[in-house]
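> Here's a structure for you.
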Amino acid sequence: MHGAETAERQTDQQEWRPTACILCSINCGLEMQVDKGRIVKVRGDKLAPNSEGYICQKAAKLDHYQNHSARLRQPLKRQPNGEYAPISWDAAIAEITTRMRAIKAQHGGGAFAYYGGGGQGNHLGGSYSGALRAALDTPYLYTALAQEKTGDFWVNGKLFGRESCFVLEGMEHSEYCIVLGANPYMAHGVRKTRDLLKAYKKDPNRTLVVIDPRVSETAKDADIHLRVRPGMDAYLLATLIAVIFQEKLEDTGFLSQHTHGYDELRRHFIDLPVEQYATIAGVDPELARQVARGFATAKSATVRADLGIQHSLHSTLNSYLEKLLFLVTGNFNKQGGNHLMAQFAPLIGHSKAEDKKTAVTGMYGIAKLFPPNILPQEIDSDHPDRIRALVVDSANPALSAADTEAYRSAFEKLELMVVIDVAMTETARHAHYILPADSQFEKVESTYFTFGFPTNYYHLRRPILPRSGDTLPEPEIYRRLLVGLGAIPDRFPLLEKAAKLDRRLPVSRAFPLALAAALKRHPEWSKYVPVILYATLGKALPEGMQSAAAIWGVCQMYAAKFGSQVRRTGLQGKRYTLGLALFNRFLESPRPAPIATFKVEETWNLIKTGDRKINLYIPELTEWLDRLKTEALSEDKDYPFILAAGERRAYNANQIYRGPEWRKTDKEGLLRIHPSDLAKLGLVSGDKVRCRSRRGAVEAIASADESVLPGVLTLPHGFGMLYQDEQGRQLRNGPAINMLTDADHCDPIAKTPYHKYVPVALEAVDP
């Protein structure tokens, strides 16, 4: 039972059912009314402690995710003519695993790669995907995080000792806030975002600074807007830090007590030419000084940074500099500053120097992830150890990763490609086999974006809709693949019996004891524990909750590590009994439930250096900083505009909304352009233009917009997908921006793409 039957019996009852939004990392609590397989009404859940009734306009449209023409209803196999035909689950699993075994036998585990593992709302299935990678013996995990955040993770590893150290901003309690490379008014990304921005605006004792080339919706209401030139964030951040050092505004007491490398770091800023760097950044030097002083002297200050700097020139250096800003001023691990966070189920790990590198490009992993920018090269190669088989789960790299053409070409070179998804995506259209998953509202689900502080919450969401075809939850798909590979047996009778006894009589500890004994007899099973939990403990859980079994293990590990913090939420017990109580809390709560409550001073224990001190000085990055003095950006006359690709707007989210019908505005993904540039081209708003890069071209509708700088263009993400209109025609909705991006145009350390700095040319399209 996977929850479909339970939800089906409830379908015609019009009560409000608690669930959560699946469009961004905040996962606001929602309530929904459903009818006959459709989501008919959506409202914010006032009882959800992480959002308290807050809802944005995008969440109200979630039936467009649940019901659309591209939903997958049955397993499919590509035919010799390129068409897809239905195939049974048993046949699909047998054929896929037969081919996997053959590839592994001939080429080894390094011939496999895995992409995805869950989007903004479905991480539970990803908890089981590691077992498949273990069975295939591949370390190659590619995710969207490695297209966005690995430079940031790399810096965290150098500063705090582990790439898995996770830093949050303290916007809710901060006196002075710098928003950098983000537009939270549109993108959200912090709790109750617009309410928080209003609070800043109304409070004369708080200051909001926005650093953005565009007069964004957030910038319009900011106290100060530093309108940095595209790609010049590193110069501006270096300016702010230099002012702090040169005017002796750093917190020397904090630096002495909590850091190493202060003197070495200071040498790189003490003589930095502030006037020159600010001018290069396009910012008034005096205004930059004002911001540096305000940040350094505030009672509490924080930095909210996001993709605007992580997808721009100097990406990893930018991440270093923004962290130095709050570190050198002592605004770290304190209320209202940036601070470390103990995640419930970490999404990332820590890569070591000796870990396996990729065969073709020699790229190392960061946080146990590999960058999507290199995957096409790892496939489309004559190297004997190239990637030959790819599993994609809940991801659409054919559109969402840089260099669409490179991906399309690479996919055709694969000997085996399997896609697990709810929709016939652009990536799925290249697969040999397509395995349909239950939607996020048809199964038990959750995310690991557990970012609350001081109290953190986790939401184990119930299924609220019936299954809409011959689909399966991802954990069951992975279990069947493991059985087909011969990694585990189809059943675990003794463990199943022990799990049932344990749920009836927890004091017996029948299940953990039986599991430990089974793993002792079969140590090779230790790689597959989440799937074994699903296949055994899962069957003893309440109806529809089988896929939650992996959380039992997560709760045990978390309670063993943070017992005091868990007990502060009202639970009793130690280690196993505490972990079990935490697990039962999540099983019993239809809404977000407390995980743990931390004291701010306890966040120092999350630093993973030997002495719990921060290593400020990172030679690779201070050398890069020094090179800014001689760096020169030459204008490309053939591509005179700079495109910031992937702008967040009112009606674009991620790629789970496929058609344009959900959008009230900007249905075609307009290209923003300064009116003076449009006039020079002899065009007006509404004209169709062709935007060309060295890699490809897209067509878009131009819109004159003074919020962008002259010479700068913006296009939104979340467009370019195929959809079916009312007449049954296959149409493409707006520009597919990764037709323009080049995988080689990227950060030298993390290989994250420079999406916010794409040189392009514009030309009119004949009517």
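> At what distance in nm do the modelled label points of Ser25 and Asp490 sit from each other, each positioned 7 Å from its Cα along Cα→Cβ?
Here the answer is 4.3 nm between the modelled labels.
> Further question: Among Ala550, Val758, Ala281, flag the residue with its Cα farthest along the positive direction of the charge dipole of the chain, charges on Cβ as +1 for Lys/Arg and -1 for Asp/Glu.
Result: Ala550.
> Which FRET efficiency, nearest 0.05, do Glu763 and Lys201 yield, Cβ-Cβ r, R0 41 Å?
The value I calculate is 0.50.
> Note the full-extension length gain between Arg429 and Glu543 as 0.36 nm times their separation in residues minus their Cα-Cα distance, in nm to one decimal.
37.6 nm
> Over the Cα atoms of the chain, what is the Rg over Rh ratio if Rh follows Kirkwood?
0.95
> Could you work out the relative contact order of the chain, using alpha carbon pairs under 8 angstrom and six or more residues apart, expressed as a whole percent?
Computed value for the chain: 18 percent relative contact order.
> Let me ask you something else. So what's the convex hull volume per residue for the Cα atoms of segment 478-599, in Å³?
114
> Given +1 on the Cβ of Lys and Arg, -1 on the Cβ of Asp and Glu, and no further charges, what dipole in debye does segment 489-610 carry about its Cα centre, rounded to the nearest 20?
About 280 debye.
> In addition: Can you work out the PRE-style zone for Ala353? Point 7 Å along Cα to Cβ, and I want the residues of segment 608-633 with backbone N under 18 Å.
Hits in segment 608-633 for Ala353 at 18 Å: 609-610, 615-623.
> What dipole magnitude, in Debye to the nearest 20, does the chain give about its Cα centre under +1 on Lys/Arg Cβ and -1 on Asp/Glu Cβ?
In total the dipole reaches around 2540 debye.
> Related question: Hey, if you put +1 on the Cβ of every Lys and Arg and -1 on every Asp and Glu Cβ in the chain, which of Leu124, Ile642, Ala60 ends up farthest toward the positive end of that dipole?
Leu124
> On full extension of the chain, what length is gained from His522 through Lys41, given 0.36 nm per residue of separation minus the C-alpha to C-alpha distance?
168.2 nm
> Identify the GluC sites (Glu not before Pro) of segment 699-753 meeting these criteria: DSSP loop state and at most 14 other C-beta atoms within 10 Å of the C-beta.
Glu706, Glu726
> Sorting Cys555, Cys56 on the 10 Å Cβ count, fewest up front, what's the list?
Cys56, Cys555
> A further question follows. For segment 630-721, state the average projected area of the convex hull of the C-alpha atoms over all orientations, rounded to one decimal in nm².
Taking a quarter of the hull surface, the average projection is 7.3 nm².
> Run the paramagnetic zone check for Ala102: 7 angstrom along Cα to Cβ, then residues of segment 482-504 with backbone nitrogen under 13 Å.
none
> Now a separate question. Is segment 170-337 best put as rounded, prolate or oblate by its Cα gyration tensor, with a ≥ b ≥ c the root eigenvalues, rounded for a/c under 1.5, and otherwise prolate when a/b is larger than b/c, oblate when not?
oblate
> Another question about this same structure. Please compute the length gained on full extension between Glu706 and Ser589, using 0.36 nm multiplied by the number of residues separating them and subtracting their Cα-Cα distance.
Stretched fully, the Glu706-Ser589 segment lengthens by 37.3 nm.
Here, each number is a calculation from the coordinates, and none is a lab measurement. Being a predicted model, the structure only gives us computed values, none of them experimental. FYI the Cβ positions are ideal-geometry reconstructions off the backbone, even for glycines, and counts take in every protein chain you see.
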